[in-house]
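Everything below concerns the one structure shown next.
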Amino acid sequence: MLIHATVVHAAHQYGAKKLLYLGSSCIYPRDSSQPMTEAQLLTGALEPTNESYAIAKIAGIKLCQAYRRQYGSNFISAMPTNLYGPHDNFDLQSAHVLPAMMRKFHEAREAGTREVVIWGTGTPQREFLHVDDLADACVFLMGHYEGEDHVNVGTGVDLSIRALAETLRDIIYPEAILTWDSSKPDGMPRKLLDVSKLHALGWRHRISLRDGIASTYEWFLENRATLRA
């Protein structure tokens, strides 16, 4: 909250012509109907495992709206879905699901270990957007959107965590055997963004999940020595 409060206020103070605030799909209630529309913001309780982060992101949206109303600032907000791609965090203790799986499959292949343990039951549904597509969407919104309400940014397509793990396995280590650790939390049962508003503006993602994972793994292999933890 301190970060975005400082940035938004500085943008106002120094007369920034336009500012794009990025939130996260975790802003929506845990039991949202799917896919999640922008109108579902603040309509129910948040997922407990990321409540603090979600509240901070929601506060950022409202802050941008308040500056628009009070000062006429051209501040807009976009809410991306789960991201992945080059320069991600691949540390097994702190990484998000896709880069963490990538690291696990890679290390299992290197060690010749057939079993790869994945957190949870594999049943939750998630949506993933390549970071290059997000960058493209941000540039698009800066040039084509002036509204007060936030805009969802995603693919509009999701898959189960099990299907995600199988895709990563097929690309990185086809011989691996998946084992599920159901003692670990699943999080929200499903998180799929309704991106009809963004589609209506004229933008759609271009990078398929399989192609994006394959190119990200190539980057991972080329940059293993300098990966951030």
May I ask you to give the average projected area over all directions of the convex hull of the Cα atoms of the range 37-137, in nm² rounded to one decimal? 9.1 nm²
Radius of gyration and maximum dimension Dmax of the range 153-212, Cα, Å: 15.0, 44
The chain - mean residue ellipticity at 222 nm from DSSP helices (-39,500 (n - 2.57) per run, n ≥ 4, rounded to 500): -13000 deg cm²/dmol
Looking only at the chain, where both bridge partners belong to it, what percent of the DSSP beta bridges are antiparallel (to the nearest 5)? 10 percent
Highest to lowest packing among 180-186, 72-78, scored as the average C-beta count within 10 Å: 72-78, 180-186
Given H placed 1.01 Å from N in the peptide plane, which residues other than close sequence neighbours of residue 21 have an amide H under 5 Å from its amide H? 76, 77, 78
Hey, of (1) 13.1; (2) 14.1; (3) 15.3, which did the structure itself give for mean projected area of the Cα convex hull in nm² when calculated? (1)
Net charge near residue 4 (other residues with Cβ under 12 Å of its Cβ; Lys, Arg +1; Asp, Glu -1) is +2
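None of the figures in this text is laboratory data; all of them are computed from the coordinates on show. In this text the structure is predicted, and so the values were computed from the model without any measurement. All Cβ positions, glycine included, derive from the backbone under ideal geometry; neighbour counts span all protein chains shown.
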